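Structure first, commentary second.
The values are calculated or read from the model by the stated rules, or taken from the named source; none is laboratory data. Please read these numbers as outputs of a predicted model, since none were measured by experiment. No Cβ is skipped: glycine too gets one built from the backbone with ideal geometry, and neighbour counts run over all protein chains shown. Quick note on the areas: whole protein, heavy atoms, side chains included, nothing else; ligands and nucleic acids left out. Shrake-Rupley method; radii C 1.70, N 1.55, O 1.52, S 1.80 Å.
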Amino acid sequence: MCVCVFAEGNTFGDGTDSIQQRLRESNLEEKSIRDPEYFRKSTRLYTDYHKKRGNTKCLGCRYVAAIKEVFPKSRTLLDGGCGNGRATRAFLANGFDAYGVELYAEALKHAHDLMKEGRVKQEGIVELSFENKRFDVVFSTDVLEHVPPGDIDRSICQLVRVAKDYLWVQVGLNEKPEKFGSGKNDPWVHEVIKPRSWWLKRFEAYGADEIDGARATALAYLRGRHRGRSWARNSHEGLLILRVDSSRQPENC
């Protein structure tokens, strides 16, 4: 398990509000992976979670070809919250210079080869070690709703900071948070459930704006390519395809 170091009170390069102030403004409680006790509990939960999921799930794989279609000139890509690494492998197989990060060791048991190659690191999106504007595209699917409330703004800031051009983000918008297990005392794994407009505003606050028409183009491609799949027919309401405005992009988080 990684040892995570977090800096407090950082501001953006343009001298705007701190993460802590933006967190208060977004009405989120300060539950955070930076709390050692919370981190221990989270590690226990996600060890069981990833043991249950194993190496069979790849929610991000459905988007690989669509990203090539929408961003044909993009080559470097970060898979933020890569889990078992299957999507990262799919991006590599499709010609991307792809890298991934994942916080939990259990998920990375299926990605040891990618770690040895330097393609995948064990770290969370809340504190990325990459330099600014490192990747043409930053990709993160079904991750942010799992992030504790106190780390949402910092995580969004980090994703935008390392993006050169675009972000492709899928967030869960379920009205009820997902639980791990079916018992009434089982823990929640979806910690932040907000409408699409809320997520767009959070990204806009860090310099990433929705690209007009990009989601419609992506959905048309998905439905044409995967016509028989039920997931290709749904609304993908949580899909955010964003362009970075370098004049508003954070230099640190």
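In segment 79-118, the qualifying residues are those that are part of a loop (DSSP other than H, G, I, E, B) and either among the β-branched types (Val, Ile, Thr) or within 17 Å of the chain's Cα centre (by Cα) (or both), and the one that is surrounded by the fewest Cβ atoms within 10 Å (Cβ to Cβ) is 104. Considering segment 126-166, the residues that are aliphatic (A, V, I, L, M) and part of a strand (DSSP E or B) include one that is surrounded by the fewest Cβ atoms within 10 Å (Cβ to Cβ), namely 137. A count restricted to segment 203-222 and to residues that are in a helix (DSSP H, G or I), touching a strand residue (DSSP E or B) at 6+ places or on another chain (Cβ under 9 Å) and either without any contact (Cβ under 8 Å) to a residue 12 or more places away in the chain or open to solvent by less than 60 Å² (accessible area, probe 1.4 Å) (or both) stands at 6. Every test in (1) assigned to a loop (DSSP other than H, G, I, E, B); (2) crowded, with 24+ Cβ neighbours inside 10 Å; (3) not small (Gly, Ala, Ser) is passed by residue 123 save one, and that test is (2). Just to be sure, is residue 189 of a type in the set (Val, Ile, Thr), closer than 24 Å to residue 100 by Cβ and modelled with pLDDT under 85? Yes; evaluated as a whole, the condition is true for this residue.
Total residues in segment 236-248 satisfying the condition of being of a type outside the set (Gly, Ala, Ser), part of a loop (DSSP other than H, G, I, E, B) and open to solvent by less than 20 Å² (accessible area, probe 1.4 Å): the figure is 1.
For segment 23-44, taking the residues that are within 19 Å of the chain's Cα centre (by Cα) and open to solvent by less than 50 Å² (accessible area, probe 1.4 Å), the one that is modelled with the lowest pLDDT is identified as 23. Residues that are touching a strand residue (DSSP E or B) at 6+ places or on another chain (Cβ under 8 Å) and of a type in the set (Val, Ile, Thr) were ranked within segment 88-142; the one that is modelled with the lowest pLDDT is 141.
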